[in-house]
1. Those residues that are under 25 Å from residue 80 (Cβ atoms) and at pLDDT below 80, I need them from the range 21-43; list them, please.
2. Inspect all residues belonging to the range 324-339 and state whether any of them is among the aliphatic types (A, V, I, L, M), surrounded by fewer than 16 Cβ atoms within 10 Å (Cβ to Cβ) and either without any contact (Cβ under 8 Å) to a residue 60 or more places away in the chain or touching a Gly at 6+ places or on another chain (Cβ under 8 Å) (or both).
3. Return the residues of the range 90-132 that are at pLDDT below 80, more than 14 Å from residue 155 (Cα to Cα) and loosely packed, with under 11 Cβ neighbours inside 10 Å; say none if nothing qualifies.
Amino acid sequence: GRFLNEDRIRAMAQRTRLDLWARATDTLQEQADLAALAALRDGEPTLLVPRDEATVLGYALAPCLGGNGGVLLQVTMARSVLARGAATLELASLATVAAVVVLFTVLLVFLQWLVVGPLARLTAHVVAVRASDDLQARVGLARHDEVGVLAREFDTMLARLEASHERQVGDARAGGMSEVASAVLHDVGNALQGAMASVGLAGQQLASQTLQDLARVADLLAAHADDLGVWLTADPKGRKVPKFLALLGKQIGAEQAALRDEIAHVAEGLQHVQVLLAEQQVNAGHRGAIQRTDLAELFDAAVRLGLPPQCRETTVVRRCADLPQLHADKHRLLAVLVNLVRNAAQSIAAAGRRPGCIELGAALAGDGSMRLTVADDGLGIAGPDLERIFHGGLTTKTDGHGIGLHRSANAIRSMGGTLRADSAGPGRGATFTIELPLAQAVEAAT
């Protein structure tokens, strides 16, 4: 044809140094050629057919531009040429693989230096901070890429957390000191109110009519100093003086005994205050002195210190006969009982009940605990308040601060016990129950 003739075929054969020929497809007669043509028409771009041990026939189809027929190209090649081509191809493949490995290694080293290493350092720093809680540690990556920005932002976050933590610690310390001060003032106030009540009673006794009567008798005796013997025996008023002095002496003796009792109560209250203050000079969580405590004496002290002066007429019932002594922190438990007695008395007064009744009881529970109760017939506690009565800041009194019951619950908890409140509802009184482990209760004989 015009583009592939005999001259062009010979020229191509000379340039490639191969035995090359071309035949029109409609002139093929050899079965091998026809089979090769059929394979090429089925889609094979080229076809290699072994000829003998030394050569291989290669076929290719050049279709006619008109769409019909075409030219079958045949090349006779030595097998050694194919072997060299395969070796060259294999070498090229190996070179490509080696280049890919080298490129991947270079990229890996670059990523390790640029990304993976800094990220690993940042990750290790985060883990170390989490394990040590050291908010002063810093990464310190002096980089200007995204990893450096992330590291600097993390350091900034740690600095802000450190500042926030310091503020919180300061606030918590101030809040704790305030709570401790409020609690101490509450307990000390309870104790001092009982002591002041005793001081008031002592003052009333000192200002009693007995001293005035004694002063009048002294004036009479001074007025009859010159004729004292005659006046005491002959005068009707004078004859009454010896008997009156005897009665006056008994009265003064009784009042002195009452004064001694009230002074003892004041001393007891001040001693309780001293112990409460001393407890605050030790570390938080320190338990006070554990000592054997007679429950009857403990209840008496709680009533003396906790019952306000205006509620002295309140009936107090004590039920604690034939029980073992309690081996516990006496003054801490006493502070709780004083607070409960005072609350009971105030509840009775607020309910308008006169005289009202407070009952203090103690019993051994079957679950291995000593159970102490303080019950009253006062205002009672509503259901919603009953569930959160021991929360700090909660109070049902107009002049209350919500400190006493919260501190009492914490004090009993520090002794290994529990404090709970029960009430049938408003107007039906309330009962507060303390349960301490029976291991703290020991027989007086031991």
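1. Correct list: 21 only.
2. Looking through the range 324-339, none of the residues is among the aliphatic types (A, V, I, L, M), surrounded by fewer than 16 Cβ atoms within 10 Å (Cβ to Cβ) and either without any contact (Cβ under 8 Å) to a residue 60 or more places away in the chain or touching a Gly at 6+ places or on another chain (Cβ under 8 Å) (or both).
3. Matches in the range 90-132: 113, 132.
The rows are residues; the columns are (1) over 15 Å from residue 415 (Cβ atoms); (2) modelled with pLDDT of 85 or more.
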position	(1), (2)
300	yes, yes
305	yes, no
309	yes, no
312	yes, no
317	yes, yes
321	yes, no
326	no, no
336	no, yes
344	yes, yes
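The values are calculated or read from the model by the stated rules, or taken from the named source; none is laboratory data. Bear in mind the structure is a predicted one, so any value in this text is a computation, not a measurement. With ideal geometry, Cβ positions are generated from the backbone for all residues, glycine too; neighbour counts draw on all protein chains shown.
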